[in-house]
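Asks: This is the structure, below, for whatever I ask next.
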Amino acid sequence: MRTENSRFNNKLLIALLAALLIFSVLLGVRFFLGRNILKKNDLYLADLTRTYNQENNTNTADLNQDILKETDPFLGDAKAENVIVLFSDFQCTYCSDMNSVLKGLMAEHQNQILLIWKDMPNPVHPEAANAALAARCAAKQNKFWQYHDELFASQTSLSSSLYPGLAKKIGLDEKIFQQCFDNQEQAGLITNSFDLGSSLGVDATPYLFVNGTRLSGSVSLEQIEALLK
């Protein structure tokens, strides 16, 4: 009798364990499928958001304000129909690449484009702010773009000891340049430019507004030309 009861109890235990195992497997399958469904829903919602943004032009900034300031360096025709606002950083390697792209663009469309420079020195780049300040001091002597090109050409060697030599190389009055740099005379312009970029949602460099449409990172000449009028 005891043997039969033991066998019955063993069978009952095995049945309960089997049932528990099956339940656990089913629960695991349900959890796995649920996660996959959630992932698919997230992708679906992301696609919907992307489509909505494209259809409603939410990637277009409101640049109704007077974006060209008297102190801003610019190239091209101030009355041009196409306006490109560039937020850039002299120590950013992608900005150096963008400089080459924009040189090609301006060579092809110079009379059709107003290109406006805005300083956006990234705090993680130790020489970005100093380089921007040096370029603005060069701008005081009407040689911003010459100095701008020299900075990008010397990007891997940026330092306070480099800037006076670049000033001499492009024919600046070295004393006036050094005084401007040492006294940080143009620092307020850089701060204002940075604050403007932050208010427009600029979160990386290079960052462009091409006729109001945002572009950032590695951007090709063809992408910019596609947005010209």
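Readers should treat all values here as calculations from the given coordinates under stated rules, not as data from a laboratory. Note that the structure is predicted; figures quoted are calculated from it, not measured.
Asks: Test of understanding: what is the full-extension gain from S216 to I170, defined as 0.36 nm times their sequence separation minus their Cα-Cα distance?
Replies: On the way: separation 46, 0.36 × 46 = 16.56 nm, distance 3.06 nm.
Stretched fully, the S216-I170 segment lengthens by 13.5 nm.
Asks: For the stretch 72-212, restrict the atom set to alpha-carbon positions and state the Rg and Dmax in Å.
Replies: Just the Cα atoms of the stretch 72-212 yield Rg and Dmax of 14.4, 41 Å.
Asks: Right, something else. Can you grab the distance from the C-alpha centre of the stretch 164-229 to the C-alpha centre of the stretch 105-160, Å, no decimals?
Replies: Here the two parts' Cα centres lie 6 Å apart.
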